[in-house]
Each structure stands twice: as structure tokens, then as C-alpha cells.
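The values are calculated or read from the model by the stated rules, or taken from the named source; none is laboratory data. Since the model is a prediction, treat every value here as computed from it, not as a measurement. Virtual Cβ from ideal backbone geometry, glycine too; neighbours counted across all protein chains shown.
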Amino acid sequence: MGNKRKEREVQSDDDAPAKSRTKKMDKADGGKPQLLPSMIKNKDKRSALYAKLKHEKKAEKKKNAKARAALESRALELGEELPPKKVPRTIENTREADETVCRPDDEELFAGNDADEFSKVLNHERVPKVLMTTCRFNSTRGPALIKDLLTVIPNSEYYKRGTYDLKKIVEYANNKEFTSVIVVHTSRREPDALLIIGLPNGPTAHFKLSNLVLHKDLKNHGNPTGHKPELVLNNFTTRLGHRVGRLIQSLFPQDPEFRGRRVVTFHNQRDFIFFRHHRYTVENKADKHDKTKDKNKDAGVWPKTLKGDIYAQLQECGPRFTLKLRSLQYGTFDTKGGEYEWTHKAEMDTSRRRFFL
């Protein structure tokens with residue numbers, strides 16, 4: 001008994017500095033310890049204290065915003081520099097440092113662009129031509145996604161898979177001078193993967209597909225025209241991301257028709273690639289209720305004159321989905337003897353702030 005009592009006394013002596021530190025951290029400006037909602041057992045009192053602290057925090061934030069607005073207006077009147085804006089701390093801007101991040105002065109990177117597999121398409125030497133197909137055992141959702149992708153990617157064609165092996169399909173596409181092959185894989189009647197094969201010499205990218213919303217399931221969706229879309233690629237910063245971005249870029253023509261007002265976006269955020277397809281309109285408030293302007297807008301015709309208050313609107317056309325890169329393989333599709341440039345493994349996810357694209 002005496003030994004246990006001594007051990008408890010030693011532990012209490014060791015915990016004394018830690019308790020004093022927590023008390024110092026919880027003290028408010030008046031010197032009294034700050035009462036936190038987690039310290040109160042009564043639910044009503046705890047909720048009331050939480051609401052009070054939340055209101056005080058909101059009021060302080062509003063006060064700081066007013067003070068900042070006053071400083072900015074004063075700086076504009078005096079012709080001084082504006083105070084620096086606060087940059088919020090996010091996972092993206094606190095990502096781990098990566099040696100493979102592309103830099104504007106990287107001569108090796110730009111020299112490699114002229115000799116890689118996509119240079120002929122991106123330099124207008126070949127016209128992009130895409131063959132689309134499904135896996136052998138597919139459901140109605142797979143062809144439905146391909147039907148939407150046919151409206152997104154110009155100069156693309158759909159071929160039924162049947163019982164043909166994928167290597168034979170790649171060989172057939174090479175003979176027909178296709179530049180890419182897209183395979184939509186389905187599992188449990190839902191598309192779950194996308195395979196993009198660059199022709200004639202690869203590479204082959206395997207993406208996990210999720211959060212699919214088809215064109216017909218979008219509320220208030222727009223109907224795209226046949227014009228060639230503009231392509232927007234965001235946040236493909238590393239060498240791997242640059243290569244994946246060029247693979248995606250090789251699917252689309254490099255001479256977009258801006259009169260069509262179509263925009264296709266691949267936005268990379270935390271290694272998730274979000275796909276969106278929009279139409280945008282540029283109007284002025286005076287012509288908002290003009291029926292002839294609305295007919296021209298639906299036909300994809302630019303307004304000749306824009307006067308007054310000009311504003312832009314976006315209308316989503318669909319489909320909408322998210323991609324996650326699983327592997328990038330040298331050459332065309334080969335599961336047995338193919339070599340991989342990059343493969344995602346579970347042991348690579350050592351931190352929430354480590355990204356590869």
C-alpha cells in the first residue's frame with residue numbers, strides 16, 4: 001500500500017507542470033481561467049455558452065473587417081499602398097515540399113515537351129481522334145457516360161466492345177489512325193474507372209472514377225453546341241502532373257472555337273481531378289428580356305454589341321465526375337510485361353499534405 005501511495009505522489013508531482021501550463025493557456029485577458037463548453041455538464045448551459053462564444057467570435061471578425069476596410073479606404077485617399085491581405089492557411093498552400101514541382105525556368109522540361117508522345121498532336125501535326133469503348137461486361141450507365149463524353153470531346157467515335165481483347169482494339173485503333181483510346185470500366189452497374197491510352201506509343205493512364213452525375217441528371221443543365229471547346233487545366237504542378245495534363249490535353253483540338261462559349265475544366269485539388277463542362281453567356285442587363293438575344297444565345301452566337309452593365313453567367317452541361325490517378329504505364333496497355341512510370345501505393349500516403357500531381 002505504501003509503495004502505491006508513493007507512486008501516485010510521484011505521478012501527481014510529474015503532472016503538476018503540465019496542469020499549470022494548461023491553466024496558463026486557458027486563462028483569459030482578465031487573469032481568470034477561461035470557461036470552455038466542454039467543462040460544463042449541463043446541456044442547456046453548455047449550449048448557451050457555446051452560442052455566446054460563437055457570437056463573440058463573429059462580432060470580433062466583423063470588427064476586424066470594418067477596421068481593415070477603413071484602413072484600405074484611407075490608403076486609397078492618401079495614395080499609399082494597401083495593407084497586405086491575410087492568406088488563409090489551407091492544406092494546399094501548406095503541402096509538403098516536392099522536388100519535382102515544375103518551374104518556369106526549367107529548360108529540361110520544355111525540351112522534353114518537344115520530344116514526348118504528345119508533341120505531334122499538341123503541335124498541330126496530327127488531328128486528335130479518339131476511340132471510346134467499354135469493358136466486356138458493362139451496364140447501361142457505361143454507354144450513357146460515353147454518350148455524354150462524345151458531346152464533350154470532338155472527333156470521337158464509339159465502338160462496341162463485344163468479346164474483343166483490349167490489345168486487339170489498340171491495334172485496330174492504330175491502323176485507323178486514332179490518337180487515343182478511352183475505356184470506361186463498370187463494376188456493379190456503375191462506372192468506376194477510366195483508362196486513357198495514348199497512341200501509337202502510349203502512355204496508359206488508369207484513373208479511378210467517382211461521383212458521376214450524367215447530363216440528364218443535372219438540374220437546369222444546358223445543351224452544348226458542336227463547337228470545339230476551350231480546355232482549362234488547373235494545378236498540375238509536378239512533373240507527373242505535367243505529364244498527365246499533357247495526356248488529357250492531347251484528347252482535345254488545339255484550336256478552340258470561342259464562339260461556342262464551351263469550357264471543359266480539369267481541376268486538380270489534392271490529387272483529385274474534378275471534371276466540369278460549362279457554357280457561359282456574356283450579356284448586359286438591358287438585353288436580358290430580349291427574346292431575339294435569347295435565341296442567338298441558344299444558337300451559340302456572340303452578341304454584336306455589349307453596352308451598359310455587362311455580366312457573365314455559367315450553365316453546366318455535364319457530365320460531372322471525379323478522377324483519381326492510380327497508375328501511369330509506359331507504352332500501350334499491357335498488364336503482364338508493361339513497365340510503370342508511377343503507381344499509387346498505400347504506403348505512399350504518409351501525410352495529408354503530401355500530393356503527387
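Filter the range 166-197 down to the residues that are part of a helix (DSSP H, G or I) and either outside the structural domain of Gln249 (by TED's automatic domain parsing) or surrounded by fewer than 19 Cβ atoms within 10 Å (Cβ to Cβ) (or both) and list them by number. Steps first, please.
The initial filter retains those residues of the range 166-197 that are part of a helix (DSSP H, G or I), namely 166-175.
Within the range 166-197, Lys167, Lys168, Glu171, Tyr172, Asn174, Asn175 meet the criteria.
Would you confirm whether any residue within the range 135-155 is under 18 Å from Phe333 (Cβ atoms), surrounded by 14 or more Cβ atoms within 10 Å (Cβ to Cβ) and either of a type in the set (Lys, Arg) or not assigned by TED's automatic domain parsing to the domain that holds Val263 (or both)? No, the conditions are met nowhere in the range 135-155. Picking from residues in the range 58-98 that are of a type in the set (S, T, N, Q) and not in a loop (DSSP other than H, G, I, E, B), the one that is farthest from Phe355 (Cα to Cα) is Ser73.
Is it fair to say Val244 is crowded, with 17+ Cβ neighbours inside 10 Å and either free of Cβ contacts under 8 Å to residues at least 40 places away in the same chain or in a strand (DSSP E or B) (or both)? In short, no.
Identify, from the list Gly222, Gly202, the residue that is touching a Ser or Thr at 6+ places or on another chain (Cβ under 9 Å), part of a loop (DSSP other than H, G, I, E, B) and either buried (at least 16 other Cβ atoms within 10 Å of the Cβ) or touching a residue at least 40 places away in the same chain (Cβ under 8 Å) (or both).
Values: Gly222 fails: touching a Ser or Thr at 6+ places or on another chain (Cβ under 9 Å).
One residue alone meets the criteria, Gly202.
Yes/no matrix, rows are residues, columns are (1) modelled with pLDDT of 90 or more; (2) surrounded by fewer than 21 Cβ atoms within 10 Å (Cβ to Cβ); (3) assigned to a strand (DSSP E or B):
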| residue | (1), (2), (3) |
| --- | --- |
| Lys216 | yes, yes, no |
| His227 | yes, yes, no |
| Val232 | yes, yes, yes |
| His277 | yes, no, yes |
| Glu283 | no, yes, yes |
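Only one entry of Ala173, Ala144, Ala115 meets the criterion of being free of Cβ contacts under 8 Å to residues at least 24 places away in the same chain and of a type in the set (Gly, Ala, Ser), and that entry is Ala115.
Check whether at least one residue in the range 94-102 is of a type outside the set (Asp, Glu), surrounded by fewer than 11 Cβ atoms within 10 Å (Cβ to Cβ), over 18 Å from Gln249 (Cβ atoms) and not assigned by TED's automatic domain parsing to the domain that holds Asn211, and report yes or no. Looking through the range 94-102, at least one residue is of a type outside the set (Asp, Glu), surrounded by fewer than 11 Cβ atoms within 10 Å (Cβ to Cβ), over 18 Å from Gln249 (Cβ atoms) and not assigned by TED's automatic domain parsing to the domain that holds Asn211. Only one of the numbered conditions (1) closer than 19 Å to Thr238 by Cβ; (2) modelled with pLDDT of 85 or more; (3) out of contact with any helix residue (DSSP H, G or I) (no Cβ under 9 Å at 6 or more places or on another chain) is not met by Glu107, and that is (2).
For first residues located in the range 27-54 and among the hydrophobic types (A, V, I, L, M, F, W, C), partners that are modelled with pLDDT of 90 or more and lie 6+ apart or on another chain with Cβ distances below 6 Å form the pairs Ile40/Arg46.
Restricted to the range 247-275, and to residues that are assigned to a helix (DSSP H, G or I) and of a type in the set (A, V, I, L, M, F, W, C), which residue is surrounded by the fewest Cβ atoms within 10 Å (Cβ to Cβ)? Give the derivation first.
The initial filter retains those residues of the range 247-275 that are assigned to a helix (DSSP H, G or I), namely 247-249, 258-260.
Adding the requirement that they be of a type in the set (A, V, I, L, M, F, W, C) leaves 247-248, 258.
On the way: Leu247: 21, Ile248: 20, Phe258: 12.
By that ranking, first place goes to Phe258.
Restricted to strands (runs of 3 or more DSSP E) entirely inside the range 305-352, those with at least 1 residues that are closer than 24 Å to Leu166 by Cβ, modelled with pLDDT of 85 or more and not small (Gly, Ala, Ser) are 320-329, 340-343.
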